[in-house]
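The values are calculated or read from the model by the stated rules, or taken from the named source; none is laboratory data. What you see is a predicted model, and the numbers here were worked out from it, not measured in a lab. Here Cβ is always computed from backbone atoms with ideal geometry, including for glycine, and neighbour counts include all displayed protein chains.
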Amino acid sequence: MPSLISKSNAEKAVGVVRDAGGEVVGKTRLQKMAYLLEITGLGAGFQFEYRHYGPYSEELADAIASAQFWDMASEDERVANWGGTYSVFKVASSDKSGEINPARKRLLSLAAAANPVSLELAATAAFLAHENWKDPWQETARRKPEKAEKYLEEAKLLYGKLRNVPTPDPLPKI
Amino acid sequence: MIYKRQRIRDPLHDLIEFPADYFHDAMWRVIQTSHFQRLRRIKQLGFTELVYPGATHSRFAHSLGVFHTARKLMDVVKRYLEKQSEWDATKAQHALAAALVHDLGHGPYSHAFEEVGKKLGLAMAKHEKVTEDLIRDSEVKEALAPLGSGFASDVANVIASPESARIYGAVVSSQFDADRLDYMQRDRLMTGTRHGAIDFEWLISNLEVGKVPMGSDEREVGEMETFVLGPKALHAAETYLLGLLQLYATVYFHKATRGAEKLFTELLARIVQMTLDGSAVRTGLGEDHPLVQFAQRPKDLTSTLALDDTVVAGALDMMSRSPDTTVSNLSTRLRDRKLFKCIDVRESLSRKLSAKGPSKPRATRKVKVAAPDAATLAGELLTSKMHWTDALNRTCDAVEKRILEFAEESNKEAPRVLLDKGERSIYKRIEESKGPLEQIMILPNAGSATPMDVATISQVVSAIAPFKFLRVYLDGSEEKAKLQIEGILDEEVQRCRL
């Protein structure tokens, strides 16, 4: 349930959407984008834990819901061809000017263009690396067998590109 | 080695048996650990007993019930996998053990403590993390050791990521997991409420394993096995979902329970803040009190596990004598059940908007009278209802924004105006992608291999709207605040009608 949350957290969540080009397709994508920003030193301080789709921040989920409450962003729910639904987040206005950190912009751009399943796997492997798993890719494959079977190699390629972005804290070498 | 059969009497399931075999012997050993015994001191429903005096049942009893229910669910899995010669008894044991220990990490007053953690950013207030840590490295791990050196780790893996255990994990986490099937029945029994009854035996008897599509956001990934219901369980599924929502409306989200939780959150936040500020001595608690120790070392597992309901309840009297007025006021209120007064904002707005609302839908019988045009009228009625709900939601948002400002002003010195908001739909909160794994899937007819969301074939389920609430809690002495809030409500209702 959306809890009562400060405007400042809503602004942080909207910041991710805005810096990703004003629109983010998918809750999973938004979560993984914010996670990658956090672990590379480009985030806003959201706390993440492991859930069904890999790293997940309840704080961020509340914040993006709160952003709609404060009319800073909109969420449009659409039906996917596999029978589920997914959300499209848009910032209410793009009038907030200011330079975006180039590394932040590049990471978000790569994540925005990625297949969401590969992004989920890549972010999960990064999370597990931070949790000190010896072989994060192997553990990712164990936890998400169906997804890994089809997309693990693509996820590794994506991870390589993400890791090439010069960030304050580099992504772990895995 | 000779194993001993063990039995426990349970108010819900009657006899819970632990047969004389190596697996159940290990489960029995887990139950004897101090961490499992600690669950006797954590109530399943926290402050709910302030409303329903019978609801003093513990997480200990619930955990045993979950294990018992998990074995029934696992029989369904076994029947399915044996047909395909894919049954793996060891994987089943990992999931059953996970069901038994799934609640080990709960803190005092369960979910209320998690709210404290959320407010203060305390990682150890999240019970899933503590549970996982305990299984991986504690006497629980030792109790599981006779089952194999990696057994504890495998159990922790099921807790951390149930989907990795495939259909075995559905016993621990799914729309028909053992946790929910136990708590719905147990909480109903112990509160004494007559809402929320489910047809448990019929549900289990009609449970099957089916394949449903899965995906991430817009992308399809493939199929995954999960529990689905047979076609004869349609009405039982309706009762199950309606019952869950009724329990949320009448028990879990009861306004007095939530009001007590709000006070508890504020009290613990104050204790932690004072301890961090070096004023622990003014809390009324000694330096070595578990609450103070936890405030000093919130990342420490031992400090976290030293907390339970009895520790907090026992501290209330000491805290009531604190020189800090916030601590003494909040603890006295919790001890003596002198809760803040509640204004149910959403309910009040709903009433006010209904009173003279221009677009509130009339009784459905009007549709029946106009039989020739029923479809059109039903469409209009639905549109009208949607407009009205939309108006209520918008008015609630407008009121909430103004009350948030008001609360910020009022709470500068002490918590006086507390806002509470929540909602629950028939399905769990959708964290990311929403799909069949998050729905109750049912086979529409005998022989069908394609399960469907029950909401698509049941008018009852499709009509169940989420239960939402927005409430304000006020210190009883704040008569002026009450008038101000009622003024805000009236103004926003007028604005909505313009």
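For region B:112-121, state whether one or more residues are touching a residue at least 24 places away in the same chain (Cβ under 8 Å), touching a helix residue (DSSP H, G or I) at 6+ places or on another chain (Cβ under 7 Å), away from every other protein chain (no Cβ under 14 Å) and surrounded by 23 or more Cβ atoms within 10 Å (Cβ to Cβ). Looking through region B:112-121, at least one residue is touching a residue at least 24 places away in the same chain (Cβ under 8 Å), touching a helix residue (DSSP H, G or I) at 6+ places or on another chain (Cβ under 7 Å), away from every other protein chain (no Cβ under 14 Å) and surrounded by 23 or more Cβ atoms within 10 Å (Cβ to Cβ). Counting only helices (runs of 4 or more DSSP H) wholly contained in region B:1-94, the ones carrying 3 or more residues that are more than 24 Å from residue B:228 (Cα to Cα), more than 26 Å from the chain's Cα centre (by Cα) and touching a residue at least 60 places away in the same chain (Cβ under 8 Å) occupy B:22-32. Looking across region B:262-291, the residues that are crowded, with 21+ Cβ neighbours inside 10 Å and outside any helix (DSSP H, G or I) come down to B:284, B:285, B:289.
Output yes when any residue across region B:463-477 is under 22 Å from the mean Cα position of the chain (by Cα), over 26 Å from residue B:243 (Cα atoms) and buried (at least 17 other Cβ atoms within 10 Å of the Cβ), and no when none is. Yes: region B:463-477 contains one or more residues that are under 22 Å from the mean Cα position of the chain (by Cα), over 26 Å from residue B:243 (Cα atoms) and buried (at least 17 other Cβ atoms within 10 Å of the Cβ). Looking across B:220, B:208, one residue alone is in a strand (DSSP E or B), of a type outside the set (Phe, Trp, Tyr), surrounded by fewer than 22 Cβ atoms within 10 Å (Cβ to Cβ) and within 14 Å of another protein chain (Cβ to nearest Cβ). It is B:220. In region B:122-159, the qualifying residues are those that are small (Gly, Ala, Ser) and within 29 Å of residue B:251 (Cβ to Cβ), and the one that is farthest from the other protein chains (Cβ to nearest Cβ) is B:125. Selection of first residues in region A:116-134 that are more than 11 Å from residue A:174 (Cβ to Cβ) and within 11 Å of chain B (Cβ to nearest Cβ) and of second residues that are surrounded by fewer than 24 Cβ atoms within 10 Å (Cβ to Cβ) and of a type in the set (Asp, Glu), restricted to Cβ pairs under 6 Å at least 6 apart or on distinct chains, gives the following pairs, ordered by first then second residue: A:118/A:154.
Which one of these does residue B:299 not meet: (1) outside any helix (DSSP H, G or I); (2) more than 14 Å from chain A (Cβ to nearest Cβ); (3) farther than 30 Å from residue A:155 by Cβ? Result: residue B:299 passes all but (2). Checking B:84, B:93, B:32, B:44 one by one, the residue that is closer than 20 Å to residue B:311 by Cβ and among the polar types (S, T, N, Q) is B:44 and no other. Which one of these does residue A:88 not meet: (1) touching a residue at least 24 places away in the same chain (Cβ under 8 Å); (2) part of a loop (DSSP other than H, G, I, E, B); (3) in contact with an Asp or Glu (Cβ under 7 Å, 6 or more places away or on another chain)? Only one criterion in (1) touching a residue at least 24 places away in the same chain (Cβ under 8 Å); (2) part of a loop (DSSP other than H, G, I, E, B); (3) in contact with an Asp or Glu (Cβ under 7 Å, 6 or more places away or on another chain) is unmet by residue A:88, namely (2).
Of the residues making up region A:65-87, those that are more than 9 Å from chain B (Cβ to nearest Cβ) and among the hydrophobic types (A, V, I, L, M, F, W, C) are A:65, A:67, A:72, A:73, A:79. With respect to residue A:119, is the statement that it is within 18 Å of the chain's Cα centre (by Cα), at pLDDT 95 or above, closer than 23 Å to residue A:49 by Cα and not in a loop (DSSP other than H, G, I, E, B) true? Considered against the rule, which asks whether it is within 18 Å of the chain's Cα centre (by Cα), at pLDDT 95 or above, closer than 23 Å to residue A:49 by Cα and not in a loop (DSSP other than H, G, I, E, B), residue A:119 comes out as yes. Identify all residues within region B:408-433 that are within 11 Å of another protein chain (Cβ to nearest Cβ) and modelled with pLDDT of 90 or more; write none if there are none. Scanning region B:408-433 gives B:418, B:419, B:420, B:421, B:422, B:423, B:424.
Residues in region A:149-174 that are part of a helix (DSSP H, G or I) and modelled with pLDDT under 95 were compared, and the one that is nearest to residue B:218 (Cα to Cα) is A:150. Of all residues in region B:171-225, those that are touching a strand residue (DSSP E or B) at 6+ places or on another chain (Cβ under 6 Å), in contact (Cβ under 8 Å) with a residue 60 or more places away in the chain and closer than 27 Å to residue B:249 by Cβ total 3.
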